[in-house]
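Asks: Just dropping this structure here.
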Amino acid sequence: MESIDRKTFIASAGAATLAATANTTARAASDVVFLSTWKWGVEANRRAAEVFSGGGSLLDAIEKGINVVEDDPNVTTVGYGGLPNAEGEVELDAGIMDGTAHRAGAVCNLHKIKNPISVARLVMERTRHTTMAGGGALRFAIAMGFEPMQLLTPRSLEAWLKWKNAPHHQTFWIDGEHHDTIGMVGASGGNVAAGCSTSGLAWKIPGRVADSPLVGCGYYADDAAGAASATGDGDVMAGYCTSKHIVQKMAEGMHPQEACRDLMRYMAKTARDLRTSMYCVIAMNPRGEIGALSMNAAQPLHYALWRDGTGTLHTAPHYLS
Ligand code: GLY
């Protein structure tokens, strides 16, 4: 991922215009706080605020915000243009949760549909299920009106061919690379919601599911405490129920930042490769107070914040000194 210096980035003039415009609508973009992972979260937050100020719900905002990243062919770890599995198939995972109804929806191993977060939302809203996977998830998506399409871009196909044709290429029977997801949490009026979407590890073994679509791992939301999301090595992070851990700590009274620290403290007791692997989390309580933390300085977390009608980009502190 492109490196970004520690700095605050004031989002586009468009964001300021949006905030001004939103004041004339029923709800202003400043009535809501969004927190997203990585630099692409800036645009995701801006779109989420636009949807919210236009009258959409918190869930509408999170879904549409995440769609922006899923649609972007330049983001090679989410949605269209995401790097494929070892067989050259783009395999997507996503989950979304409403902290008010305490309902979640998720899809795993979804092929050919570029917006898995939207399919996940329909699993939540149109079925009595929580998670759908593989061919069943694809058939469900098609039944809901989604158009199957080729998700490989020329760039991701070339990258896969290069990996495939490299002698002794690394595989996930041993180890691997690339874990950046879009995770987003939002709060408004005491309500919270969370979502997460990813193409997972590049060159993963087909069928692999890690933390992103698992409730309580990639995302979790509860109006009584807050919302959280995780990004990084999901094969490891799933074993710590990261998002649920953080929300539980907020329920016990911790500030979101301290809840993120508590999770890292817990992980640091047993997780592997603490100084080299990517383990990152974001959190928000119903008042819109936030937390963001990476495990180490080698894999820093950049996060995007939307607050008071303005988007900013930051680098999170790291847990290990
Ligand atoms: N955290 C995303 C993944 O490991 O797939």
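The values are calculated or read from the model by the stated rules, or taken from the named source; none is laboratory data. Fair warning: this is a prediction, and the values are worked out from it, not measured in the lab. Note that each Cβ is placed from the backbone with ideal geometry, even for glycine, and that neighbours are counted across all protein chains shown.
Asks: Output the residues belonging to segment 223-282 that are part of a loop (DSSP other than H, G, I, E, B) and not hydrophobic (A, V, I, L, M, F, W, C).
Replies: D223, D233, E252, G253, H255, K269, T270, R272, D273, R275, T276, S277, listed by residue number.
Asks: For residues that are modelled with pLDDT of 95 or more and not aliphatic (A, V, I, L, M), scanning just segment 155-188, find the one that is farthest from the ligand (Cβ to nearest atom).
Replies: S188
Asks: State yes or no: is A193 more than 15 Å from the ligand (Cβ to nearest atom), within 22 Å of L122 (Cα to Cα), in contact (Cβ under 8 Å) with a residue 12 or more places away in the chain and assigned to a strand (DSSP E or B)?
Replies: Yes.
Asks: Looking only at segment 216-234, filter to residues that are hydrophobic (A, V, I, L, M, F, W, C) and near the ligand (Cβ under 10 Å from one of its atoms); which one of those is farthest from the chain's Cα centre (by Cα)?
Replies: The selected residue is C217.
Asks: Moving on. Condition first: at pLDDT below 95 and assigned to a loop (DSSP other than H, G, I, E, B). Can you find one or more residues in segment 28-49 that meet it?
Replies: Yes: segment 28-49 contains one or more residues that are at pLDDT below 95 and assigned to a loop (DSSP other than H, G, I, E, B).
Asks: Further, regarding this structure: Please enumerate the residues belonging to segment 63-77 that are outside any loop (DSSP other than H, G, I, E, B) and either modelled with pLDDT under 95 or not polar (S, T, N, Q) (or both).
Replies: Within segment 63-77, E63, K64, G65, I66, V68, V69, E70, D71 qualify.
Asks: Continuing with this model, one more query. Inspect all residues belonging to segment 86-93 and state whether any of them is buried (at least 23 other Cβ atoms within 10 Å of the Cβ), over 15 Å from C196 (Cα atoms) and within 16 Å of the ligand (Cβ to nearest atom).
Replies: Yes, because at least one residue in segment 86-93 is buried (at least 23 other Cβ atoms within 10 Å of the Cβ), over 15 Å from C196 (Cα atoms) and within 16 Å of the ligand (Cβ to nearest atom).
Asks: Having 1 or more residues that are at positive phi is the bar; report the helices (runs of 4 or more DSSP H) wholly within segment 78-188 that clear it.
Replies: Hits in segment 78-188: 134-143.
Asks: Would you confirm whether or not segment 107-126 contains a residue that is under 30 Å from D31 (Cα atoms), hydroxyl-bearing (S, T, Y) and surrounded by 14 or more Cβ atoms within 10 Å (Cβ to Cβ)?
Replies: Looking for residues that are under 30 Å from D31 (Cα atoms), hydroxyl-bearing (S, T, Y) and surrounded by 14 or more Cβ atoms within 10 Å (Cβ to Cβ), one finds at least one in segment 107-126, hence yes.
Asks: Here is a follow-up. When you go through (1) over 20 Å from V123 (Cα atoms); (2) buried (at least 24 other Cβ atoms within 10 Å of the Cβ); (3) not small (G, A, S) one by one for T77, which number turns out not to apply?
Replies: T77 satisfies all of (1) over 20 Å from V123 (Cα atoms); (2) buried (at least 24 other Cβ atoms within 10 Å of the Cβ); (3) not small (G, A, S) except (2).
For (1) more than 20 Å from M132 (Cα to Cα); (2) aromatic (F, W, Y); (3) in contact with a helix residue (DSSP H, G or I) (Cβ under 6 Å, 6 or more places away or on another chain); (4) surrounded by fewer than 24 Cβ atoms within 10 Å (Cβ to Cβ), each residue gets a yes or a no:
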site	(1), (2), (3), (4)
G218	no, no, no, no
A224	yes, no, no, yes
A227	yes, no, no, no
M237	yes, no, no, no
M250	yes, no, yes, no
M254	yes, no, no, yes
Q257	yes, no, no, yes
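Asks: Run S212 past the list (1) in contact (Cβ under 8 Å) with a residue 60 or more places away in the chain; (2) among the hydroxyl-bearing types (S, T, Y); (3) closer than 19 Å to H318 by Cβ and report the number of the one that doesn't hold.
Replies: So S212 meets the others, but not (3).
Asks: Can you work out which of the residues in segment 274-297 that are more than 19 Å from the chain's Cα centre (by Cα) and at pLDDT 95 or above is farthest from A238 (Cα to Cα)?
Replies: R287
Asks: Please specify each residue of segment 277-294 satisfying the condition of being buried (at least 21 other Cβ atoms within 10 Å of the Cβ) and over 21 Å from G226 (Cα atoms).
Replies: Once the filter is applied, which keeps residues that are buried (at least 21 other Cβ atoms within 10 Å of the Cβ) and over 21 Å from G226 (Cα atoms), segment 277-294 yields only M278.
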